Structures are given as C-alpha cells and as structure tokens.
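Following: one structure in structure tokens, then a few remarks.
Derivation of every value follows stated rules applied to the coordinates shown; laboratory data play no part. Note that the structure is a prediction, hence the values are computed from the model and not measured. Positions of Cβ are generated from backbone atoms using ideal geometry, with glycine treated the same way; all protein chains shown enter the neighbour counts.
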Amino acid sequence: MKPASFEYARPQSVAEALSVLSARASDAKVLAGGQSLVPMMNFRMARPGLLVDINRLEELNYHRIEGPDLVIGALARHAALRSSTLVRAACPLMAEAYQHVAHGPIRNRGTLCGNLCHADPASEMPAILLATEGVLVLKSSSSERRVPADEFFRSTYETAARPDELLTEVRIPAAPDQQGWGFQEVSVRKGDFALVGIAATLKVENGKIVGATVAACGVGERARRLPAAEAALTRAIPGKGAFSEAGEAAVAALDPHFGVHADAAYRRDLVRTLTARALSDAAERAA
Amino acid sequence: MSTINITVKVNGKPRKATVPPRLLLSDFIRQNLNLPGTHVGCEHGVCGCCTVIVDGAPARSCLMFAVQADGSEITTVESLGRVDSLHPIQQAFWEEHGLQCGFCTPGMLILAYDLLQRNPNPTEEEVRDVVSDNLCRCTGYQNIINSILKAAGKMRDAEANAPARADVAAVSKMEAVQ
Amino acid sequence: MSHLDNHYIPASKQRETPGPGLNWIGKSMKRVEDPRLLAGKGRYVDDVVLPNMAHAAVLRSPHAHARIKSIDVSKAEALPGVALVMTGAQAFELTGPIASFASPPVVQYCMAVDRVRHVGEAVAAVVAEDRYVAEDALDLIEVEYELLPVTVDPEAAATATGEAVLHPDRGPTNCVFDNSFKFGTVDEDFAKADVVVKRRIKWGRSGAQPLETCGTVAEFDEGTGKYTAYANSNFYAAIGFIVAGALKVPATHLKVIPTIAGGSFGSKLFNHKNLTLTCMLARAAGQPVKYMEDRLDNILNADAHGSDRIYDAELALRKDGTMLSLRFTVVDDYGAYLQYGIGTHGNALSQVTGPYRIGSFGMRLIAVVTNKCQQGAYRGFGSEVTNFVMERLVDAAADQLGFDPVELRRKNLILPHEFPYVMPTGNIYDSGNYQAVLAKALELASYDRWKAKQAEARKEGRYVGIGVATCQERSVYSPTEWWSLNPLETPGFALTSAPEGVSVRIDPTGKIFAQLNAPFWGNSPETVVTQVLAEQFTVDPSDITIGYADSDAAFNGFGPGGSRFTVMVTGAIVTATTRLKAKLRKLAGHMLEADENDLEFRNGKVGVKGAPGLEKSIADVALMANFFRMSFPDTPEFDSGLETTAVYDHPLTTPPAEDRRHLGIFYPIMGHMCHVAVVEVDPLTGKIDFLDYAAVHDAGTMVNPITLGGHIMGGTAMGIGTAVYEEFRYDENGQLLNASFADYHIPTAHEIPKVKIGHIETPSPYTEYGIKGGGEGGRMGAPSAVVRAVEDALKPFKISIDGVPIPPSKIRDLVRASPAAAA
C-alpha cells in the first residue's frame, strides 16, 4: 500500500509555509504528525499533489497560558500535551480525554491541531474543543481569523479551514476552579477511536446548575454540542435525576447513524449512559 | 518525479541518500539502508511492527516519509545487540519466551528500550500499557510483559554494579552496530 | 450390533516411552530460533533480495460478483518503470488450476479469468521496478465489469439460481455439498431422551491475520527450465508438485525454498495462489519477481478466512443429566471457492461429542459458496467451532435442567479407565484424565472464591460471571479426514499418507545436522528437534544444528498444521536416531573391541556399560566412520558415513468403513483443556472486563513446557479475539466493511487478561515419548469459556448467547431486548 506521487516542500518559516499554501491551495496538504494523513495516503484514499511539511517550524511547538487561555501551537504533539501538568491544570478535560487517544508512537508524532483539522467524527479532541468552547486560529498569507469550535467542525473530514489556511493555534479558556468536568468514552479496544465519547463541564452555584456544556463524538458526521442536554441541565439540581434526563434529552435530539462498528440504537444507548456518567463525574468535581 | 538528498543518522552513523518524496521511512530503512530487522505488517500505523526510534521517541516508520527524516536520528533493532552479544532486553525476551514467530519482536524491543530509558522501574501495568501500543498475534502478550519486567531488573542490576560514570548521557547510548 | 462392529484399534507402535529419566525432553530450554530473531536477523520472505528483482502488485476486483467484459492495460504498460502487465485471461493461458481438495473440485486460477466472485479477487498483475510504480500502474488499468447478483446470505445461497450461481460449470446451485451422516443410534437415542436441548448457534467469520502476509520471490532459469521460489508456504514438500503442474513444468522443475514465516495459524498452510502467480510473472518478465501481499491484499484475498457457520443443534439427555446423543444441521458459508473441500467438518468429527460419554451423533452438512473470500485453515480447522456448539448445549442443558454446569460436565466426562475411548464417529481419544484437568483449572481460577464474590457482587448490582469450558484438542491429523465425508461415488483423491520426514547426519567432527521438510511458523521446530536429538544422542544442544530443506531435497513432509508437527517429526527423528545409534554402536564396538549390545550412550560418548573409561566420543567414531573405511570390516554395515533419512507415518490411523458408518481412526492423539473465565460486564455499555482467567491443558508429555505455554496463551488470546472482537463483516453487496487493522479488531495487551496456565500430562500410549500436539492451544476452548462467563454475568437479564463474536454492541442488544432490562 504505497502512496501516489507528490511534491514535497519543507518551509523554513510560518510565512514561507503560508506562501506555499496560497500558491498551491488547490492541491497542497499540510503534513504535521501525519498519523491520520499518511495512512490515507498509503491507502491512496488521499492524493495531495504537494505536501507542506511543517515539522521543522519549532516556533509552532508550544503550549502555554496566555491571559485567560491555554494556547496550543500547531506542532504541539499529543504526547507532550498528555503528560503536561499545565494542560492538566488548565484543561483537565483534555488531559482526561488523552487517556483514550491512540497509542504511544502515534502520540509521539501526532499533533492536536492536525487531529482537529482531520476532523474524524469519532475523534475525541474535537469534542473537547467544543465542550471547552475553544477557538481555532487560522492564518493565511493574507489573513488571520479566529473561528469558534462550534463553527469549525463541519462534517466528516471537513472543517471551516480554507485550503490556503494553516491552523496555527488553538485557544482554550482555562477551566475555572469551580468548574466540574467529565469525560466518558466507549471504544472497542483501548486507544481506538470512540464509538461514542461525551465531554461535559458543569458550573454549580447555590446547589443549582448555572452552566453546562455537553459535547459528543461518534454520533454522526461530526462532533457536536448537545444543546438539548445542556438546556435540560440549566437551573436543574445536580443529581441522578437531572443527569438521566439530560441523557434522554441528548438521545432524543440525535440521529446517530454513523460508522460500521455500531448501529444507531447502540450509539443512542451510549449517549444516554455516558452523558449521565460524565455529568455525574463533573458534578463531583464541581464541589 | 523529483528526488531529494537526505542525510539521516541511523544507529549512530550518518547515511546519505537520494530518495523520492513518497518513499516511506519503513522502506527506506529496510531497502535503501539494508536494515531489514524492522518489519512491515500493515502500512497504516496499527500493528507497530515497523516501530523505530526517531529523534528519541518511538514512531511508526510506515507513517513517515524518508524525506521527513532528513537531519533526524533513527535507531533500529539492529543497534541493540548481535546474535552473540544480545542486549539485556533481548536476553530477557529469550529467557522468558517473549517471542514465537519474531515478526512483531523488533517493534516490541524498541518500545521496551524506550520505556526502560524513561522509566527503569516500571510496574506491570505500565509495561502492559506500552506493550498495548503494538500488536502480537502469537504470544498473547503475557510473556512479552514478563520479558520487559525481567529486562528492567537486569538493567537496574547492571546499572547498580557499573562503575561510576561522569557522563550520565552515556547511560542511554547503545553501541552502534550495523 | 453396533455401527462400530468392524472398528478396531491397532497396537501401539511407540518405541520411546515417557519417564522420569529424561534429560532434555520436558525442559523449558531457551529456543534455538530466538537469537537471530531477536537481533533482527531472521530472514523472512520480504527480506529476500535477488539481483535485478522486480516487484509485483495485483489489481483486485471492487465488485463481489461480476463478469469481466474487458481489461485495457495499455496505459499501465506504457508507464515508465513497468515491465509487464498480465490479465487473468492471459494467466489462464500460462497456468493450470490451483489445488482444490474438494470433490468434485471447485476450479480456481491464480487470477480471475472471466468472472470475479468476491471483492478483492485478483484481476490483473503488474511487474515493475518497484512496488510504488507497480501500484501506480494498477491505477491505470481499466476494467469493464458487468455486475452479477451478489450472494452473501448462506441460507439464501442454497436456493440461488441463474446468474447468482458462482460456479455454473459445477452445477446449477451454490450449494456445493448437502449430505447427512449418522453414527450410531441417533434417532432412537433422541426418541428415548427425557430432555432435548435445542439451540441455534452462529459462528462468525474471523481469520488468522498473522502480522506477516503471504509472499513469494521467484525466478525462472531459462537455461534449466526451472523455477526457484522463496516462499512462506507449507506443503512444498508434500504437494509442491501441484504448483509445478499449474506452472506446466515437471515436478522436478520447481524448487521452493521455505523462508521463516511471521505467523501462520493455518493461513500459510498452502500458499499456492501467491506462489503460482509470482512464478508465472517471473517467467513472463524474464527477471526475478517479488510479490508481497500488503495487508489489504491479505485481508481481502488471502484465502484464509475461518469457519462461518450456522448450527441448529440438539443435545439429548436423560433427566438425571446423562447425555445420550448429539445432532445438528450446519450451514457453512465457504466463500467463493473450496480449496480444502469440506475438510473443516471432517476434522470436527474427530471430537464433535467433546470429552463426554455420548453414544451417538448425527449431522446434516450443507456447504455453500458465496461472494466472499474463501475459507482456509484457521487454528482449529473447524473443531473449535464444534467445541463451542457442544459447550453451548451443555450450558443450556445445565440451565434448563437446573444443574450446576460444572457438575453436569463432571457427570458426563469420560473416565480415566475408559481410554482408549471410541467416540461415535469412530475416532478414538487415546488417553486423558479430564477430571484432573477440571480440578486443576478450578483450583487455579480460585473458582469457589469467585462464586462467593459473584454472590456479593450481585447484591451490589454488579454483573460478574464465571464460565467453565471443558474441550478437546485433537492433534496429528490423518489425511482421511480430508475425503472421508465426500460422496462415496466421488471420494476424490483418497490419500492415506500424511507422513513426516527428516534427514539426520553426523559430520566428521561429531556435529549433528538435521534437515526438516517443514517450515518455521512461530512454532519451535528447531528447538523441539534439538531437544529430541540431544535426548537420543546424549549430546549438548550446541552440538546440534537444524536446517530447512528446500523442495528439491525435501521428502514426505506434511509440516505443521493440525497440531501435528512435534509428534510427527519426533517419530521421524526416533527412526533416524535408532538407525544411526545402531551404526555408532557397531562402529564403536569394533573400535573398543566390545560387543555392540554392551554399549550405551552417555554424555555424548558411546561406552561399555559399567566400564567408565571404556568409551569413545561420538566425534571420534564419526571421524572414523567418515574417513577410515579400511579400519573396519569389509561388510556393508561398516560403509562410510553416518547419515540417514527417515519417514514416519501417522502412528495410529485406520481407514473409514466402506459404507462410512464410521470414519475409522483419524485424529486420535487427543489433548484436552479446561478454561475458566471470570468477567465483569457493564450491561449499559456491553463492555467486558476480565477479572481472572485460568487455562489448564493436557498435551501429553511436554517436550518444552514454556513453548507449549506460549501456544496456550497465544491461542487463548486468539480465542478471546474470536469471541469478542473479530469478525470479517460483509454487507449485502459483498463489500468487506472492515478491511484494515483499524477496523478488524485484533486484541491488544489491554484486551487480553493475564492467564494462569496449568499443565497436566497424560502421555499418549501411541506416540514417541507420549507427546501430543498442542499448537492450536487455547483457541479451542476460550470462546466457550468467555461466552458462558458473559452469559452468566448477565443472568439477571435471562439472556442466552448463541454465537460469536459478542462485541459490546451485541451484548447491549441482548440486554436491551431482554424483558428484564433495567434500562
């Protein structure tokens, strides 16, 4: 399973990379970790005319706190983020989800930003970006824009990024101290893509839920927020009843026909069960 | 189709080559460098038979292009030991029956080598977690886990008995063996 | 008055008995094979590089069933770097059909000729300067297909007509076999039963998927007219001539050089399509050609899918739990071809009634072809399926009759004094102690403690389950199983030989060389043979070297498969060493001026019993034997040299009865196992966690306990994969939905528990040293234990699990459908 031919560019700077992308927007693809792109190329399901290898742009390899946000650069590898105390503090939801992501060698090369751009509907990180209301910074040689996560993921392998744009960074509001969080996933084997994954955050004040985000992966052609579940939680008293209702509300609003490994009935069951469990974890942590 | 000149340090030795962009690192290692100890099982990054160390961390060589490795350091199974002087990890696999057909073995040895560099005293769970990165169809994994735990013990003992060394970095070096 | 009236058990031919005085047999010796494998110096077929070698790639059909209307290869041929492009129609002019053990055969060629019958079937091949260019050329081949109706439902296959028939030359139906068999008084036994337990049981299609695919490096020498091929195939010694025939050369003109294989589990039993295709391409291209299947090639087309069956099965019992009779109808979906005939059913009949005292057995076998990849041999060769059917029925009977499942088994297990035991089909179980295996397994698993914990867990609302399976593991097949179920009018090639051969020589320095006629698959042939030779000659393993004969030098070797190799090669070794030791004694007797009958072997020397100084080293004798003919009498037994070949036939087999009321003895070296699985199930997600697992096996005398343990462990992991994770999933259009390792879920170390392994040894009275085969290992029993454990865990939901695999979604389906479902 060998890839089709392509041209190869290894720009020495971000500006150069953007320039190449502009010039070759029609057939260029960014190569970062390659852990999703190269298998597709080996199957000849992807045949980019030009690969733009950004792996030497060390200036993009960072994650740090900037004001209220955890900012993560394009070349930040999964492995670094997974073991980072900074990430664990600022985005515990991401740290938890990373326990379910792939395997060591994949994480050593793969990047968070690459994973988000690949937008596999069963991938965990898009759900994390949605649940934390992250923002994606897209740069081209002529523009820079910030796209909220819930506008970024459009469909299977399809995002709001234009062909001449590079996702240079994601910005995630650092989790407030009082915010609880929960992540639950079922996959066939540990490390596989999720059959269904649920990410949730909860804010509780005076014994009532004042804020909730619930996001899911594996439920359709893209990761999505579950507004029906969020609505059911608003002003509710945290507890088994509310979480179960949120799970039911989530299921009612979904039509999860997707993928070969689980039918819609099973995915609905998982959404119901995992939503309740993620919320239960979140409530415990909100205390 | 254009070709690109690359220089890659492999098992401590610089190797120069001129390669097409699409040549997979796994094929480069096996064919161009004549190091067939690294195996190919799936070419889509799941089985891990092709695992080598790239710039200090295990990576699937079937998911990289040789051109990406220009300027990088690669370590393959051939650097661990020879038939008549096996590395303690290889010796442990031998003693604990950690292989049957041997096809996944180089990848497992690389993972073990990397683990024991980072964590000389892993728990069984930590070893199982690393072993779960790669597939094995023969052993059912338990003897691989036992082998790595035994290797950890051998290497800790060797370290404890070794004369004091000024250069701590030397601990991580293996003899470059073609 | 019984159907076994003319059945007989031949006397034992055993020459070497097991016993406490063995030095090497029974030792967990480090493997001889390992150092080179560990150092990355093992030479697998893809490591073979010949000068001027080109690379092949194969274009595969995207359709499950279609006529090939036209193939335009002009653009592919014109691509720079391409040496040649060949279509299936062109290959048809150059090669004959591939082997089919079916009778009548189901005709197949190395590439599809005018019609494709499954997704992935080869349509054309390209030879190019490298694999990358070869695959570029595949993209440029234009094939026009005319779609034909697709058959994927095995129960519908039998009634398919017209264009849906895959092999119209063979008949107007996709049913390739429909026959019934009765062994003993089945109808009467069912009539008199108090209880008949019925189940419909489905066994999903999984496959070996070893990490190394099939490959060949071939070259054709125009000067000698001879092919040479490096290949990771078995059977080159025994039936390589069939490939030569397909290549239209005499059998002497194909030399197959075996390379070590990165796993097989049956899938490389006869890699004949790959071998034929690559040889043909090498000749046509005029240069050596390498064809390595990639993973996609292998998953779609390696002819190595496992059994794919639906059983309607019944077990007849008395109300006190005594089992009387077993019968079933089975539909087997063989895929598009039938290379091994219905051999996977003949095989199963060796142990179909399990370890239980069941007096009669009947079956109707319906085999169909469908538009899927064909079945091959997969660890168990069909017996692992009937093990599962038997154990499901036993558990169902326990539930229905209100018996404890362990007690019901104990009540029916064959007793130690009943061996050799003749089971209804005529096969025998040579020896065993099933009670000891069961007891040890329960102890290893802390069964009673888990039962108590299970009761507590149930109170806490947790779902913990325990599954116990007691299963047979037959070893050392006799070839009668390949044809004994064929119609009497068309038995096909009714071969009765399946020997193993070996050559052994001692060189002038006293070193011992043995050449095997069988390949390395990840079993331990070099180690096992080294241990037996060391035992026989009393030498150190370092004085022994094992090699692999190519097909020019090889003879009479059926190789690994059916857990036979260790037993068979040991038999051949014993024959060889007996002969060589006799000659050594003769020579040494002359050198020591002693009577050869007074001599013994000790520490690598031949010496006079009771006289410690009076001895010669084997090296001394060997030097004389090779170079000093005139130092010995001028009679033939002193002729130069110390070498011999030996062929060992199956030690205990008899022909099937002419009217097939029994099948004779065909798989009698009978191992046994007990697996105990303890699981916790989440009924809301269907996820399973293993809490404990014990596996106790009896494979007779163990040659090397740690390598046998490796087969038990690896087989158990495969069995867990079969039970929970693995299935080739075809949709209604015959598309394989999970044709990659991302989607065909081979378990990782996280999915496989730590297995507590135990051994019991009841030696065989019929094999050398009492050894039995154990290579198929845990896969024969794990599915039964795992499925029962899950069923037991979900007992409050009153569900019954009647098939594999049971991925989380399937378990959840069962819970959801249960009237007792909580959520």
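Restricting the stretch C:580-595 to residues that are over 48 Å from the mean Cα position of the chain (by Cα) and outside any helix (DSSP H, G or I), which is surrounded by the fewest Cβ atoms within 10 Å (Cβ to Cβ)?
C:Glu593
For the stretch C:439-459, does any single residue satisfy the condition of being under 24 Å from the mean Cα position of the chain (by Cα) and either assigned to a loop (DSSP other than H, G, I, E, B) or touching a residue at least 60 places away in the same chain (Cβ under 8 Å) (or both)?
Within the stretch C:439-459, none of the residues are under 24 Å from the mean Cα position of the chain (by Cα) and either assigned to a loop (DSSP other than H, G, I, E, B) or touching a residue at least 60 places away in the same chain (Cβ under 8 Å) (or both).
For the stretch A:21-55, what are the residues that are of a type in the set (D, E, K, R) and at the interface with another protein chain (Cβ under 8 Å from one of its Cβ atoms)?
A:Arg44, A:Asp53
Does A:Glu248 satisfy being out of contact with any helix residue (DSSP H, G or I) (no Cβ under 6 Å at 6 or more places or on another chain) and surrounded by fewer than 16 Cβ atoms within 10 Å (Cβ to Cβ)?
Judged against the criteria, A:Glu248 is not a match.
Could you check the stretch A:77-93 and list, in sequence order, the residues that are over 14 Å from the mean Cα position of the chain (by Cα) and either aliphatic (A, V, I, L, M) or crowded, with 23+ Cβ neighbours inside 10 Å (or both)?
A:Ala79, A:Ala80, A:Leu86, A:Val87, A:Ala89, A:Ala90
I'm trying to understand the selection: among the residues of the stretch C:590-603, which are in contact with a strand residue (DSSP E or B) (Cβ under 6 Å, 6 or more places away or on another chain) and within 13 Å of C:Val621 (Cβ to Cβ)?
C:Met591, C:Ala594, C:Leu599
Among the residues of the stretch B:102-148, which ones are among the basic types (Lys, Arg), closer than 24 Å to C:Thr707 by Cβ and surrounded by fewer than 24 Cβ atoms within 10 Å (Cβ to Cβ)?
Of everything in the stretch B:102-148, just one residue is among the basic types (Lys, Arg), closer than 24 Å to C:Thr707 by Cβ and surrounded by fewer than 24 Cβ atoms within 10 Å (Cβ to Cβ), namely B:Arg128.
(1) surrounded by 22 or more Cβ atoms within 10 Å (Cβ to Cβ); (2) within 12 Å of chain B (Cβ to nearest Cβ); (3) of a type in the set (Gly, Ala, Ser): which one isn't true of C:Ser740, the others all being true?
C:Ser740 satisfies all of (1) surrounded by 22 or more Cβ atoms within 10 Å (Cβ to Cβ); (2) within 12 Å of chain B (Cβ to nearest Cβ); (3) of a type in the set (Gly, Ala, Ser) except (1).
Name the helices (runs of 4 or more DSSP H) wholly within the stretch C:271-369 that hold at least 1 residues that are under 29 Å from C:Leu408 (Cα atoms)?
Once the helices (runs of 4 or more DSSP H) in the stretch C:271-369 are filtered for at least 1 residues that are under 29 Å from C:Leu408 (Cα atoms), what remains is C:343-348.
Taking the options B:Leu99, B:Leu25, name whichever one is in contact with a helix residue (DSSP H, G or I) (Cβ under 6 Å, 6 or more places away or on another chain), crowded, with 22+ Cβ neighbours inside 10 Å and within 12 Å of chain C (Cβ to nearest Cβ).
B:Leu99
Mind checking which residues of the stretch A:205-222 are without any contact (Cβ under 8 Å) to a residue 40 or more places away in the chain and in a loop (DSSP other than H, G, I, E, B)?
A:Asn206, A:Gly207
I'd like to check something: does the stretch C:297-312 contain any residue that is surrounded by 24 or more Cβ atoms within 10 Å (Cβ to Cβ) and farther than 25 Å from C:Thr213 by Cβ?
Among the residues of the stretch C:297-312, at least one is surrounded by 24 or more Cβ atoms within 10 Å (Cβ to Cβ) and farther than 25 Å from C:Thr213 by Cβ, which makes the answer yes.
Does any residue of the stretch C:25-38 turn out to be surrounded by fewer than 22 Cβ atoms within 10 Å (Cβ to Cβ), in contact with a His (Cβ under 9 Å, 6 or more places away or on another chain) and either within 13 Å of chain B (Cβ to nearest Cβ) or part of a loop (DSSP other than H, G, I, E, B) (or both)?
yes
Being under 30 Å from C:Arg327 (Cβ atoms), in contact with a helix residue (DSSP H, G or I) (Cβ under 6 Å, 6 or more places away or on another chain) and aliphatic (A, V, I, L, M) is the filter here, so list the residues in the stretch C:196-228 that pass it.
Residues satisfying the conditions are C:Val197, C:Ile201.
Any residue in the stretch A:219-227 that is under 18 Å from C:Thr685 (Cα atoms), within 14 Å of chain C (Cβ to nearest Cβ) and surrounded by 22 or more Cβ atoms within 10 Å (Cβ to Cβ)?
no
Among (1) free of Cβ contacts under 8 Å to residues at least 40 places away in the same chain; (2) within 10 Å of the chain's Cα centre (by Cα), which single condition is A:Val147 missing?
Answer for A:Val147: the failing condition is (2).
Inspect the stretch C:267-284 for any residue being out of contact with any His (no Cβ under 7 Å at 6 or more places or on another chain) and within 14 Å of chain B (Cβ to nearest Cβ) and give the result as yes or no.
Yes.
Residue by residue, here is whether (1) away from chain A (no Cβ under 14 Å); (2) assigned to a helix (DSSP H, G or I); (3) within 30 Å of the chain's Cα centre (by Cα); (4) closer than 19 Å to C:Met718 by Cβ holds:
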{"site": "C:Val787", "(1), (2), (3), (4)": "yes, yes, yes, yes"}
{"site": "C:Asp792", "(1), (2), (3), (4)": "yes, yes, no, no"}
{"site": "C:Val815", "(1), (2), (3), (4)": "no, yes, no, no"}
{"site": "C:Ala820", "(1), (2), (3), (4)": "yes, no, no, no"}
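Out of all the residues in the stretch C:468-482, which are buried (at least 24 other Cβ atoms within 10 Å of the Cβ) and not polar (S, T, N, Q)?
Within the stretch C:468-482, C:Val468, C:Ala469, C:Cys471, C:Glu473, C:Arg474, C:Val476, C:Tyr477, C:Glu481, C:Trp482 meet the criteria.
Conditions tested, residue by residue: (1) in a helix (DSSP H, G or I); (2) within 11 Å of chain B (Cβ to nearest Cβ).
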residue: C:Met718; (1), (2): yes, yes
residue: C:His750; (1), (2): no, yes
residue: C:Pro765; (1), (2): no, no
residue: C:Tyr769; (1), (2): yes, no
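Looking only at residues in the stretch B:41-86 that are closer than 25 Å to A:Val101 by Cα and at the interface with chain C (Cβ under 7 Å from one of its Cβ atoms), which one is surrounded by the most Cβ atoms within 10 Å (Cβ to Cβ)?
Across the stretch B:41-86, the extreme among qualifying residues is B:Gly41.
Consider the stretch B:4-21. How many of its residues are within 14 Å of chain C (Cβ to nearest Cβ), touching a Leu at 6+ places or on another chain (Cβ under 9 Å) and under 26 Å from C:Gly81 (Cα atoms)?
1
Can you pull out the residues in the stretch C:720-732 that are in contact (Cβ under 8 Å) with a residue 60 or more places away in the chain and either buried (at least 24 other Cβ atoms within 10 Å of the Cβ) or not in a helix (DSSP H, G or I) (or both)?
Answer for the stretch C:720-732, where residues must be in contact (Cβ under 8 Å) with a residue 60 or more places away in the chain and either buried (at least 24 other Cβ atoms within 10 Å of the Cβ) or not in a helix (DSSP H, G or I) (or both): C:Ile720, C:Gly721, C:Thr722, C:Ala723, C:Val724, C:Glu726, C:Glu727, C:Phe728, C:Tyr730, C:Asp731, C:Glu732.
For the stretch A:52-64, does any single residue satisfy the condition of being without any contact (Cβ under 8 Å) to a residue 24 or more places away in the chain and within 27 Å of A:Thr156 (Cα to Cα)?
Yes, because at least one residue in the stretch A:52-64 is without any contact (Cβ under 8 Å) to a residue 24 or more places away in the chain and within 27 Å of A:Thr156 (Cα to Cα).
Which of the numbered conditions does A:Leu279 fail, given that it passes all the others? Conditions: (1) of a type outside the set (Lys, Arg); (2) closer than 18 Å to C:Lys810 by Cβ; (3) under 20 Å from the mean Cα position of the chain (by Cα).
(2)
I'm trying to understand the selection: among the residues of the stretch A:69-100, which are in contact (Cβ under 8 Å) with a residue 12 or more places away in the chain, charged (D, E, K, R) and in a helix (DSSP H, G or I)?
A:Arg82, A:Glu96, listed by residue number.
I want to confirm something. Restricting to the stretch A:103-125 and keeping residues that are of a type in the set (A, V, I, L, M, F, W, C) and more than 12 Å from chain B (Cβ to nearest Cβ), which single residue is surrounded by the most Cβ atoms within 10 Å (Cβ to Cβ)?
Among those residues, the one meeting the criterion is A:Leu112.
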